[in-house]
1. Starting from the 7 Å offset along Cα-to-Cβ, what nm value, one decimal, do you get for the label separation of residue 121 and residue 13?
2. What list of ³J(HN,Hα) values in whole Hz, one per residue of segment 125-131 in order, does the Karplus curve 6.51 cos²θ - 1.76 cosθ + 1.60 (θ = phi - 60°) give from phi, with Gly and Pro shown as x?
3. Using just the alpha carbons, could you tell me how many Å³ per residue the convex hull of segment 2-129 encloses?
4. Return one number: the angle in degrees, 0 to 90 and rounded to the nearest 10, between the long axis of the Cα atoms of helix 2-43 and the longest principal axis of the Cα atoms of the chain.
5. Which distance in nm do the two modelled labels at residue 43 and residue 60 give, with both placed 7 Å along the Cα-to-Cβ direction?
6. Calculate how steeply helix 60-72 sits against the longest principal axis of the alpha-carbon atoms of the chain, using the helix alpha-carbon long axis, and give the answer as 0 to 90 degrees to the nearest 10.
7. Is segment 88-131 rounded, prolate or oblate when judged by the Cα gyration tensor, a ≥ b ≥ c being the square roots of its eigenvalues, rounded requiring a/c under 1.5 and prolate requiring a/b larger than b/c?
8. Under 1.5 on a/c is rounded, so check that first for segment 68-110, then, if it is not, pick prolate when a/b is larger than b/c and oblate when it is not; a ≥ b ≥ c are the square roots of the alpha carbon gyration tensor eigenvalues.
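Taken together, the values in this text are just the output of simple stated rules run on the coordinates, not laboratory data. It should be emphasised that the depicted structure is a prediction, and the values quoted were computed from it without experimental measurement. Every residue, glycine among them, receives a Cβ derived from its backbone with ideal geometry; neighbour counts consider all protein chains shown.
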Amino acid sequence: MEVALLLPILLLLVLGTFDFGRVLFYKIATTNAAREGANFISRNPDDQTNCSGTPSICYQETIAVTMQEALSSGLTLIPTNIVVSDCCTTGSPVTVTISKSIGLMFEKVLILFKIVDGPIVIHSAAEMMVQ
């Protein structure tokens, strides 16, 4: 009887721990990718001038560097996950922000117990001075 009462609670704790560790890992990966992107654009402010008047193709190299850094940690980003802002005046800061929705491994169980409402969105930002 005790096992029947405690098993759901133990299962919830174990499953929650796995997902918490995964989310923490992806938070670190997005933070590292944002730092790498901010570092790249702060040293290569000419990446902004490659826009040719079309905002959708701005910062292509910065976005590629950021996506590659995330991919090296096992996180797949798309260009719409990455936003470069406040660029590119020498001596002023530039910010790279990443927003990524992370699906949980045991999402249905955690939703069933009303722990979460759905996928978790991770936001990471890094700011560096343009050189």
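1. Those two pseudo-labels are separated by 3.3 nm.
2. Going residue by residue, I get 9, 9, 10, 9, 7, 6, 9 Hz, with x marking Gly and Pro.
3. Given the Cα convex hull of segment 2-129, per-residue volume reads 101 Å³.
4. Helix 2-43 sits roughly 0 degrees off the main axis of the chain.
5. Output for this residue pair reads 2.2 nm.
6. 30
7. Prolate, because a/c is 1.5 or more and a/b exceeds b/c.
8. It is prolate, given that a/c is not under 1.5 and a/b is the larger ratio.
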